[in-house]
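*Asks:* I have a structure I would like to understand better, so I am pasting it below and will then ask my questions one at a time.
The values are calculated or read from the model by the stated rules, or taken from the named source; none is laboratory data. Predicted model, so just to flag it, every value in this text is computed and none were measured. Reconstructed Cβ throughout: ideal geometry from the backbone, glycine too, with neighbour counts over all protein chains shown. Note: areas computed on protein heavy atoms with side chains; ligands, DNA, RNA excluded. Shrake-Rupley method; radii C 1.70, N 1.55, O 1.52, S 1.80 Å.
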Amino acid sequence: MSLTIVEGVDGSGKSTLIKGWRSSKLFYFHTLASTGPPPKREVLQAELAWLARLPRSITLICDRHRLISEPIYGPILRGRSMLGLEKTIGETLIDLGAQIVYCRPTIEVIVENVRASQAEQLDGVWDHLAELVEAYDRTMDELSNFVSVFEYNYHLSSPARIAAQLGVIK
């Protein structure tokens, strides 16, 4: 399976990128979306095992994954992460053969987007937005030591260009 996790703070363009890929019809893929706090540890472990068993012929795009977002959002919004993994996040991503697209427009664009959709955000996102962006920047830098992380700014690139970088289209 080709696993690409599209990550970034709220308002960074994750869903917009995936919609762009879908409407362009450049390649065929399945989508898995993660929202809200993670389920019980056993459910997350079962999901990771399911991902590991998917056939290599499937292209799966995750619109965020709790494996990455929970260690960022949890401590900032709830005071703790609800993940309890046996391996590090980097090791788990290597086992899954994952690559990451980090949606990262400028902070001004993120603030504008979150302000426009504040009603749809988790409690605390607006109040801690700068802290969340900084945590994402640090996390993506750390994860780049384990897997490929492609930074995407929708003002500077296109869905087709990032898809070509990922190798999902030729």
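*Asks:* So which residues in segment 8-31 are free of Cβ contacts under 8 Å to residues at least 24 places away in the same chain and charged (D, E, K, R)?
*Replies:* If the condition is that a residue be free of Cβ contacts under 8 Å to residues at least 24 places away in the same chain and charged (D, E, K, R), then Lys19, Arg22, Lys25 are the ones that fit.
*Asks:* Check segment 153-170 and report whether any residue there is modelled with pLDDT under 90 and in contact with a helix residue (DSSP H, G or I) (Cβ under 7 Å, 6 or more places away or on another chain).
*Replies:* Checked segment 153-170: at least one residue is modelled with pLDDT under 90 and in contact with a helix residue (DSSP H, G or I) (Cβ under 7 Å, 6 or more places away or on another chain).
*Asks:* Looking only at segment 56-81, which residues are assigned to a helix (DSSP H, G or I) and either within 21 Å of Lys19 (Cα to Cα) or open to solvent by less than 40 Å² (accessible area, probe 1.4 Å) (or both)?
*Replies:* Arg66, Leu67, Ile68, Ser69, Glu70, Ile72, Tyr73, Gly74, Ile76
*Asks:* Continuing with this model, one more query. Can you tell me which residues in segment 1-38 are aromatic (Phe, Trp, Tyr) and either part of a strand (DSSP E or B) or open to solvent by less than 20 Å² (accessible area, probe 1.4 Å) (or both)?
*Replies:* If the condition is that a residue be aromatic (Phe, Trp, Tyr) and either part of a strand (DSSP E or B) or open to solvent by less than 20 Å² (accessible area, probe 1.4 Å) (or both), then Trp21, Phe29 are the ones that fit.
*Asks:* So how many residues does segment 127-152 have that are without any contact (Cβ under 8 Å) to a residue 60 or more places away in the chain, surrounded by 14 or more Cβ atoms within 10 Å (Cβ to Cβ) and not in a helix (DSSP H, G or I)?
*Replies:* Total meeting the criteria: 8.
*Asks:* Which of (1) within 18 Å of Ser15 (Cα to Cα); (2) in contact with a Pro (Cβ under 7 Å, 6 or more places away or on another chain) is the odd one out, the single condition Thr59 does not satisfy?
*Replies:* Tallying (1) within 18 Å of Ser15 (Cα to Cα); (2) in contact with a Pro (Cβ under 7 Å, 6 or more places away or on another chain), Thr59 fails exactly one: (2).
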